[in-house]
Amino acid sequence: MDARGQSAKCGKVDIPRAGSIAPALLGWYDAHARALPWRAPPGANRADPYRVWLSEVMLQQTTVAAVIPYFERFTTRWSDVAALAAAPEEEVMAAWAGLGYYSRARRLVECARVVADLGAFPEDEAGLRALPGLGAYTAAAVAAIAFGQRAVVVDANVERVVARLFDIDEPLPAARAAIREAADAITPDARSGDFAQAMMDLGAGICSVRAPQCLICPLRSDCRGQARAEQLPVKPPKKAKAQRIGHAWWIERDGAVWLIRRPASGMLGGMRALPDDGWNARRDGSGNPPLDGGWQEAGRVAHVFTHVALDLAVMVSQGGDNPSGEGEWWPLARLDEAGLPTLYARAAAVAMARKG
DNA sequence: AAGTCGGGGCA
DNA sequence: TGCCCAGACTT
């Protein structure tokens, strides 16, 4: 922003009255902030960095409603970063099951151990950005929300609000440079953490993707894009989703089922799973069972991932040889503790239902 | 710059 | 059904 703090010109985007936006938004936030388990009250200017970091990682591409129960379980079980650093990785992975994007869980443990070695979280954006699993967004968010540092926090909410505020109609992702400049121009030096959270609350509740409520928006007098708010930001066309076919094998002996652990990288990397026929993002499964013996289809699971739609046949057998290779017999009575990702939890439910 | 990586909730 | 979500990381 310029010396008067009232307007700014950023590249292609002219920003009138840049200095008036933050006060209006913060005033609204003081009255309407969502109470969330990881949040300090408005004006606190600091929050527990462990809880802020954990919530921000969980919230990557994940809705607040989905995160809350996981956040509560994690913080109850591991109350600080040292406790999480001391936890076995596979226990953390299992606790993450169902939340998705499992590489986050592995990096979460990695990061916790780095921070435990350091003794504390770095308090500046650059130091945070160097930690595993913290990209530009999360480093800025933790610096601002946990440590009260001025940082320009740009997530999907901020992108949407800023694109509408300044009527930026360049398509994403090319628009990101202009959006970031504009976000920088309206970010205040004081309370930038509250400002970021206020932008997110605004984006979640009022400046929503569909049917934004411009009539009650605290920024409506400054918003140049409200006439076509629902058309902004302009998004690129999506690629068609691949359709794949696969088989999962339910091998049961004496009240236990044979579970394997998936390779660390790739789909559902590092997670416990039923043995399957190698379906992945590039090809259908082979259909070859891991051992002989009267296989029957118990049912099918249709499961949609980010870029693949999978039709998984759940196969059960009567008897047969014991499986070879790495794996473990998991007691059926404790199957809910195995940490199966949703695809295999659904497949297990199909097998159990057929069994009766 | 484009591709990979989950799952649930919503219209 | 399609779209979206407090993105990070690899190629």
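Things worth noting here:
- Mean separation of Cα contacts under 8 Å, 6 or more apart, over the residue count of region A:242-355: relative contact order %: 33
- Per-residue extension of 0.36 nm, minus the Cα-Cα distance of A:R107 and A:A211, leaves a gain of 33.8 nm for this segment.
- All other residues whose Cβ lies under 13 angstrom from that of A:L54 are scored, Lys and Arg at +1 and Asp and Glu at -1, for a net of +2.
- Dividing the mean sequence gap of close Cα pairs (under 8 Å, 6+ apart) by how many residues chain A holds gives a relative contact order of 16 percent.
- Leading residue at positive end of dipole, chain A (Cβ point charges), from A:A256, A:V92, A:W279: A:W279
- The modelled label-to-label distance between A:N322 and A:Q149, using points 7 Å beyond Cα along the C-beta direction, is 5.5 nm.
- Low-density loop cleavage sites - trypsin sites (Lys or Arg not before Pro) in region A:183-291, where at most 10 other Cβ are within 10 Å (DSSP): A:R210, A:K238, A:K239, A:R282
- Spacing of the modelled spin labels on A:A353 and A:A31, each 7 Å from Cα toward Cβ, amounts to 4.9 nm.
- Equivalent-ellipsoid semi-axes for region A:103-251 (Cα gyration tensor, √(5λ), whole Å, largest first): 30, 26, 13.
- Within the accessible area of chain A (1.4 Å probe), percent carbon and sulfur: 51
- To the nearest ten degrees, helix A:176-186 and the longest principal axis of the Cα atoms of chain A are 50 degrees apart.
- Dividing the convex hull volume of the alpha carbon atoms of region A:90-189 by its residue count gives 117 Å³ per residue.
- For chain A, the Stokes-Einstein estimate of translational diffusion at 25 °C and a viscosity of 0.890 mPa s comes to 108 µm²/s, using the Kirkwood hydrodynamic radius over alpha-carbon pairs.
- DSSP beta bridges in chain A [antiparallel fraction, %, rounded to 5]: 70
- Note on region A:214-356: with charges restricted to the Cβ of Lys and Arg (+1) and Asp and Glu (-1), its dipole about the Cα centre is near 980 debye.
- For chain A, calculated [θ]222 nm from helices alone, where every DSSP H run of n ≥ 4 adds -39500 (n - 2.57): -11500 deg cm²/dmol
- Of A:Q318, A:Q61, A:Q226, the one that fluctuates the most in a GNM where chain A has Cα springs shorter than 10 Å: A:Q318
- Of all aspartates and glutamates in the structure, the ones whose alpha carbon falls short of 13 Å from that of A:K235, not counting any fewer than 8 places away in one chain, are A:E159, A:D169, A:E170.
- Modelled label reach - A:E170, point 7 Å along Cα→Cβ, region A:212-240 residues with backbone N closer than 19 Å: A:224-225, A:231-237
- Additional length obtainable on full extension of the chain from A:E72 to A:A44, 0.36 nm per residue less Cα span: 7.9 nm
- Between the alpha-carbon centres of region A:21-48 and region A:243-305 there is a gap of 46 Å.
- For A:A242, neighbours were defined as the other residues whose beta-carbon sits under 11 Å from its Cβ, and their charges (Lys and Arg +1, Asp and Glu -1) total +4.
- Approximate spin-label separation A:E91-A:A204, in nm, with each point projected 7 Å along Cα-to-Cβ: 2.9
- On a per residue basis, region A:223-356 carries 55 Å² of accessible surface, using protein heavy atoms and a 1.4 Å probe.
- Computed over region A:242-355, the percent of Cα pairs more than 25 Å apart is 14.
- Positive contributions from Lys and Arg (+1) and negative ones from Asp and Glu (-1), summed over other residues with Cβ under 13 Å from the Cβ of A:G319, come out at -3.
- Against the criterion of solvent-accessible heavy-atom surface with a 1.4 angstrom probe, A:D284, A:D201 sort, most first, into A:D284, A:D201.
- Of all aspartates and glutamates in the structure, those lying under 16 Å Cα to Cα from A:K355, and not within fewer than 8 positions of it along the same chain, are A:E252, A:D254, A:E297.
- If the chain linking A:R220 and A:A83 were pulled fully straight, counting 0.36 nm for each residue of separation and taking away their Cα-Cα distance, it would gain 44.8 nm.
The values are calculated or read from the model by the stated rules, or taken from the named source; none is laboratory data. Bear in mind the structure is a predicted one, so any value in this text is a computation, not a measurement. Reconstructed Cβ throughout: ideal geometry from the backbone, glycine too, with neighbour counts over all protein chains shown. Quick note on the areas: whole protein, heavy atoms, side chains included, nothing else; ligands and nucleic acids left out. Shrake-Rupley method; radii C 1.70, N 1.55, O 1.52, S 1.80 Å.
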